[in-house]
Amino acid sequence: MLGVCCLLYGLWLVGVAAIDTRTTVESHQLSQPDPPDLTFYLDPPIDVNASTSEELQLLPSIGPVMAQRIIAYREHYGPFTSLDALNNVKGIGPKTIQKFRYYLSFPK
């Protein structure tokens, strides 16, 4: 009798896990990226060529290490001329660049 109860409980757990997983996958597929923070529309965008490490860390997905990489790249190769130029910084790819489009400026 105990074996049957354990078997039924195990089947119930598998069923609950399958339902949980299916719900999570469907939710993930339907989710849209978060809209940019409204304050960045109100304030001037960050000048990527003159910003400090602390200012760069206000950008989504940028921590102290990535901010230093951006600054080091800027100091070595010169100012960034476009959003796509950030793709040359190690660790920044197309998805991250798309997150930046609302937040950065490239003055000439």
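Of the residues making up the stretch 75-104, just one is touching a residue at least 60 places away in the same chain (Cβ under 8 Å) and farther than 20 Å from residue 64 by Cα, namely 102. It is to be established whether one or more residues within the stretch 90-100 are aliphatic (A, V, I, L, M), assigned by TED's automatic domain parsing to the domain that holds residue 44 and either surrounded by 13 or more Cβ atoms within 10 Å (Cβ to Cβ) or touching a helix residue (DSSP H, G or I) at 6+ places or on another chain (Cβ under 6 Å) (or both). So far as the stretch 90-100 goes, yes, one or more of its residues are aliphatic (A, V, I, L, M), assigned by TED's automatic domain parsing to the domain that holds residue 44 and either surrounded by 13 or more Cβ atoms within 10 Å (Cβ to Cβ) or touching a helix residue (DSSP H, G or I) at 6+ places or on another chain (Cβ under 6 Å) (or both).
The values are calculated or read from the model by the stated rules, or taken from the named source; none is laboratory data. None of the values given here were measured: they were computed from a predicted structure. Because the Cβ atoms are built from the backbone with ideal geometry, glycine has one as well, and the counts that use them run over all protein chains shown.
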